[in-house]
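Trainee: First the structure, which I've put down as structure tokens, then a few questions once you've had a look.
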Amino acid sequence: MARLRILYFAWLRERVGASEEEVEVPDGVATVADLTGWLSARGPRHAAAFAATRAIRCAVNQAFAGPQAPIAAGDEVAFFPPVTGG
Amino acid sequence: MDATVRVQTAPFDVSEELAALIAGRTDIGGIGCFVGTVRDHAGGRPIRAMSLEHYPAMTERAMRQIAEQARARWSLLGCALIHRVGELRPGEAIVLVLAASAHRQAALDATSFLIDWLKTGAPFWKKEVFLDGESAWVAARADDEQAAARWLGP
């Protein structure tokens, strides 16, 4: 089991209904892709938020990370749409 | 190179930022400047406001990395990246990029690079609030990705 801090931004935050949450993930959840799969199964709001997989970007510990990036206990993992600043 | 990187809700003053960049130095030959402002329409619909959110713990680090990449490519003598967040009205300035160099081409190219990468590499998200009260998150634009990617080519 690993404890993670999950953050959501923009429409992901609105769909999940929370800007952040603490979760305990089972040992098999080792990558960002594993985590999105696990989070999707938490409930209908999470499932709706993560349905548009290709439109979701991620950062692990404040650095952009791809689906195969590893995650470990204590990490801060953020999910968000492609950025639109500037 | 000094890089000023700031995220703020308050407006910025372009002349103050220019003065701060120039202060105490005589080696600068030119400064490129880009100011992004809120348009009053989106997709043919009038907008009332633009709401910007960001990922505070990550934003400044991402902006410093972008400044560092510009420094590695051009002989910059200083730069400033200032981005506003919160609710902004049409006509208000959102973002300021300044890049100073001994020669104009480096200053102008670096300014262009910095705004292209700021649009695609820093964690900001815009939401348009229309006159009728509806709102919509701005979708990332393929041409912004292409504008940033053109700097990767030979």
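Trainee: Quick one: B:Pro123 ticks every box in (1) away from chain A (no Cβ under 13 Å); (2) touching a residue at least 60 places away in the same chain (Cβ under 8 Å); (3) touching a Ser or Thr at 6+ places or on another chain (Cβ under 7 Å) bar one, so which box is it?
Mentor: (1)
Trainee: Please count how many residues of the stretch A:56-68 are more than 12 Å from every other protein chain (Cβ to nearest Cβ) and crowded, with 19+ Cβ neighbours inside 10 Å.
Mentor: Total satisfying the criteria: 0.
Trainee: Using beta carbons and a limit of 7 Å, which pairs, at least six apart or on different chains, have the first residue in the stretch A:61-86 and at positive phi and the second one buried (at least 16 other Cβ atoms within 10 Å of the Cβ) and in a loop (DSSP other than H, G, I, E, B)?
Mentor: A:Asn61/A:Asp75
Trainee: Let me ask another. Regarding A:Gly74, is this residue of a type in the set (Gly, Ala, Ser), closer than 24 Å to A:Gly28 by Cβ and assigned to a loop (DSSP other than H, G, I, E, B)?
Mentor: Yes.
Trainee: Can you tell me which residue in the stretch B:1-36 is surrounded by the fewest Cβ atoms within 10 Å (Cβ to Cβ), limited to those that are among the acidic types (Asp, Glu) and free of Cβ contacts under 8 Å to residues at least 24 places away in the same chain?
Mentor: Result: B:Glu16.
Trainee: Can you pull out the residues in the stretch A:1-55 that are in a strand (DSSP E or B) and within 14 Å of chain B (Cβ to nearest Cβ)?
Mentor: Hits for the stretch A:1-55 are A:Arg5, A:Ile6, A:Leu7, A:Tyr8, A:Glu20.
Trainee: So which residues in the stretch B:135-154 are within 14 Å of chain A (Cβ to nearest Cβ) and either in a loop (DSSP other than H, G, I, E, B) or over 15 Å from B:Met50 (Cβ atoms) (or both), if there are any at all?
Mentor: Once the filter is applied, which keeps residues that are within 14 Å of chain A (Cβ to nearest Cβ) and either in a loop (DSSP other than H, G, I, E, B) or over 15 Å from B:Met50 (Cβ atoms) (or both), the stretch B:135-154 yields B:Val138, B:Ala139, B:Ala140, B:Arg141, B:Ala142, B:Asp143, B:Asp144, B:Glu145, B:Gln146, B:Ala147, B:Ala148, B:Ala149.
Trainee: Among (1) under 23 Å from B:Ala42 (Cβ atoms); (2) at pLDDT 95 or above; (3) part of a helix (DSSP H, G or I); (4) not basic (Lys, Arg), there is one condition B:Thr120 misses while meeting the rest; what is its number?
Mentor: B:Thr120 satisfies all of (1) under 23 Å from B:Ala42 (Cβ atoms); (2) at pLDDT 95 or above; (3) part of a helix (DSSP H, G or I); (4) not basic (Lys, Arg) except (2).
Trainee: B:Ile94 passes all but one of (1) at pLDDT 95 or above; (2) out of contact with any Phe, Trp or Tyr (no Cβ under 7 Å at 6 or more places or on another chain); (3) more than 9 Å from every other protein chain (Cβ to nearest Cβ); (4) surrounded by 17 or more Cβ atoms within 10 Å (Cβ to Cβ); which number fails?
Mentor: Unmet for B:Ile94, out of (1) at pLDDT 95 or above; (2) out of contact with any Phe, Trp or Tyr (no Cβ under 7 Å at 6 or more places or on another chain); (3) more than 9 Å from every other protein chain (Cβ to nearest Cβ); (4) surrounded by 17 or more Cβ atoms within 10 Å (Cβ to Cβ): (3).
Trainee: Filter the stretch A:2-43 for residues that are of a type in the set (Ser, Thr, Tyr), more than 18 Å from B:Tyr55 (Cβ to Cβ) and touching a helix residue (DSSP H, G or I) at 6+ places or on another chain (Cβ under 8 Å) and give the result.
Mentor: Across the stretch A:2-43, the qualifying residue is only A:Ser40.
Trainee: Scan the stretch A:19-40 for residues that are surrounded by 14 or more Cβ atoms within 10 Å (Cβ to Cβ) and not hydroxyl-bearing (Ser, Thr, Tyr) and jot them down. Full working, then the answer.
Mentor: The first filter runs over the stretch A:19-40 and keeps only residues surrounded by 14 or more Cβ atoms within 10 Å (Cβ to Cβ), leaving A:21, A:23, A:25, A:29-40.
Result: A:Glu21, A:Val23, A:Val25, A:Val29, A:Ala30, A:Val32, A:Ala33, A:Asp34, A:Leu35, A:Gly37, A:Trp38, A:Leu39.
Trainee: For the stretch B:29-86, give me every one of the strands (runs of 3 or more DSSP E) that falls completely inside it and has 1 or more residues that are β-branched (Val, Ile, Thr) and within 16 Å of the chain's Cα centre (by Cα).
Mentor: Passing ranges, in order: B:30-37, B:76-84.
The values are calculated or read from the model by the stated rules, or taken from the named source; none is laboratory data. This structure is a prediction, so every number in the text was calculated from the model and none was measured. Please note: Cβ atoms are built from the backbone with ideal geometry, for glycine as well, and neighbour counts cover all protein chains shown.
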